[in-house]
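Colleague: Sharing a structure, written as structure tokens. Questions coming.
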Amino acid sequence: MSERPVRVRFAPSPTGPLHIGGVRTALYNYLFAKKHGGTFIIRIEDTDQTRFVPGAQDYIMDALAWCGIMPTEGPGIGGEHGPYVQSERKSMYRAFADQLVESEHAYIAFDSSEDLTTMREQAKQMGMPNWQYNSTTRTSMKNSLTLPSDEVQRRIEAGDPYVIRMKMPRNKHIRFEDAIRSWVVVNTNNLDDKVLFKSDGMPTYHLANIVDDHAMNISHVIRGEEWLPSAPLHVMLYDAFGWEAPTFAHLPLLLKPDGNGKLSKRDGDRLGFPVFPTNWTTAEGELYSGYRENGYFPDAFINMLAFLGWNPGTTQELFSLQELVETFTLPRVSKAGAKFDPDKTKWFQQQYLRSTPNEELAEKLSQILTDKHDLNRLATVCGLMKERATFIGDILTEGSFLLAQPSEYDAKTVRKKWKNNAAELMTEWNAKLSTLSSFDAATVETEFKAFITSKELGIGAVLPLFRLLVTGKGMGPSMFEIAEFLGKEECVERIEKGMEAMTNLVAND
Ligand code: GLU
């Protein structure tokens, strides 16, 4: 492994919103950099202008900020190795392409896209469906290896469009040690002569990526598995320039929940979970939903993502970002694809919600409430409800009775429990409640127990009636704590109203 100071980069192309697979790549880069006291850089790779999507770069930066994994160098942040957007570095690349032509690692090719289509068609008819521009076929194409040099010169001067291609050697083994996959060996006969510089004056991804990783002193390239087939070419480019290659680490794919194929951007809304960190609306007005807007906490989202392709080797599952920094290592990243698990994702959120202090939850809750509420009371609401909630919004939907009188009563509970002497029993219990001079949970509980004992009834026969009248529900947190929270007057009033409602419900039955 490289002994250089750790400098890693996340290099997204602004072709749309950042898929969670991209966020995971950013996260692993971040963790690796922080763990080694290194630098995490973001570089926008926008050399393919045909795929540029306005707003994508801002989306990426905003999503990383929400996740709390901001780079220390990047566009809008600065740093000594800028600019960090490739289109702003455009003028730098040509000289490197020329250098490769001069050193005979690359060559000029004049073939038009029509020429290439014709070649592909002909090859197909001859039973070769996968024609490639490579060390064999290039000998019959229009390039600086086949054309006389004065003709090449003439064409260039006449302004004929051309590209610069990598000159793949024949039958050479390219070897490199991937930090996750160990040794990777590829024969150059399986590689094509990739375009390095395009006729529009822009480098391709391959050239720009290598030139910039070198210029930015990148020590480790941590990226998705889809780039593994490009890595041998990249290794060759470092070699051709005489530069030290970074250490490569290719992360496993993120798979659909059933393990069949890559998790795609369409899967989320199709299968009912977000695949983007934050909401994204396309130019056509189509909305892809995000984790942020679905109520996930960023630290829960990050914890979940960290486990998609990595594990600490222990049974611990809950990790703060700082703990992840301390624990994360590349050799513990798996080679096999990681199946996305929507239930586990919710589980992480649930755990984080439960461990968030009630006061903090109350702050968040107050932001989604339209009416003004006392924060201390909201904190109690959160404390009562958080074991039963996954998202802040659930506290409201599940615990609405804590903030307002019930407007309906759970039909199943009414049917099962409101019978015989229920009305009598509750009238008597309410009379008892109204005499109490203190109304804390313990007192109400003691009184309740004494009441059911005097009636020779069990908890299950009486408590659901009390709950039903006060909360409208068949289940919920401790009824005695609810009573304390609501206070005597409110409780007594709710029981009265509830009994009226029961009379009407039963009459209409
Ligand atoms: N621009 C490439 C992407 O969109 C970066 C690949 C790499 O990290 O080398 O994923």
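Colleague: Just give me the residues in the range 1-37 being more than 14 Å from the ligand (Cβ to nearest atom), surrounded by fewer than 24 Cβ atoms within 10 Å (Cβ to Cβ) and either part of a helix (DSSP H, G or I) or of a type in the set (Ser, Thr, Tyr) (or both), in sequence order.
Modeller: Answer for the range 1-37, where residues must be more than 14 Å from the ligand (Cβ to nearest atom), surrounded by fewer than 24 Cβ atoms within 10 Å (Cβ to Cβ) and either part of a helix (DSSP H, G or I) or of a type in the set (Ser, Thr, Tyr) (or both): Ser2, Lys34, Lys35.
Colleague: Here's another thing I want to ask about it. Given the options Gly268, Gly295, Gly290, name the one that is modelled with pLDDT under 95 and more than 13 Å from the ligand (Cβ to nearest atom).
Modeller: Gly268
Colleague: Given the condition among the small types (Gly, Ala, Ser), touching a Lys or Arg at 6+ places or on another chain (Cβ under 9 Å) and at pLDDT 95 or above, answer yes or no: does some residue in the range 208-216 qualify?
Modeller: Checked the range 208-216: at least one residue is among the small types (Gly, Ala, Ser), touching a Lys or Arg at 6+ places or on another chain (Cβ under 9 Å) and at pLDDT 95 or above.
Colleague: Go through the range 312-342 and report how many residues are surrounded by fewer than 16 Cβ atoms within 10 Å (Cβ to Cβ) and assigned to a loop (DSSP other than H, G, I, E, B).
Modeller: Count: 12.
Colleague: Continuing with the same structure: What helices (runs of 4 or more DSSP H), lying completely within the range 409-509, carry at least 2 residues that are in contact (Cβ under 8 Å) with a residue 60 or more places away in the chain?
Modeller: Helices (runs of 4 or more DSSP H) meeting the threshold: 411-417, 422-435, 459-471, 479-486, 488-508.
Colleague: Please specify each residue of the range 205-240 satisfying the condition of being surrounded by 20 or more Cβ atoms within 10 Å (Cβ to Cβ), more than 10 Å from the ligand (Cβ to nearest atom) and over 23 Å from Arg24 (Cβ atoms).
Modeller: Result: Leu207, Val211, Pro232, Leu233, Met236, Leu237.
Colleague: Still on this structure: Looking only at the range 168-204, count how many residues are away from the ligand (no atom under 16 Å from the Cβ), part of a loop (DSSP other than H, G, I, E, B) and among the β-branched types (Val, Ile, Thr).
Modeller: The total comes to 0.
Colleague: Right, another one. In this structure, is Gln351 surrounded by fewer than 19 Cβ atoms within 10 Å (Cβ to Cβ), at pLDDT below 95 and either in contact with a Lys or Arg (Cβ under 8 Å, 6 or more places away or on another chain) or of a type outside the set (A, V, I, L, M) (or both)?
Modeller: no
Colleague: Next question. Can you tell me which residue within the range 177-212, out of those that are touching a helix residue (DSSP H, G or I) at 6+ places or on another chain (Cβ under 9 Å) and among the small types (Gly, Ala, Ser), is farthest from Thr329 (Cα to Cα)?
Modeller: Applying the filter and picking the extreme gives Gly201.
Colleague: Just need a number here: residues in the range 98-115 that are part of a helix (DSSP H, G or I) and within 15 Å of Gln153 (Cα to Cα).
Modeller: Residues meeting the conditions: 3.
Colleague: Please work out which one of (1) in contact (Cβ under 8 Å) with a residue 12 or more places away in the chain; (2) at positive phi; (3) under 34 Å from the mean Cα position of the chain (by Cα) is the condition Gly78 fails and give its number.
Modeller: Every condition holds for Gly78 apart from (1).
The values are calculated or read from the model by the stated rules, or taken from the named source; none is laboratory data. Bear in mind that the values here come from a model prediction, so they are computed numbers and not experimental data. We place every Cβ from the backbone using ideal geometry, glycine too, and count neighbours over all the protein chains shown.
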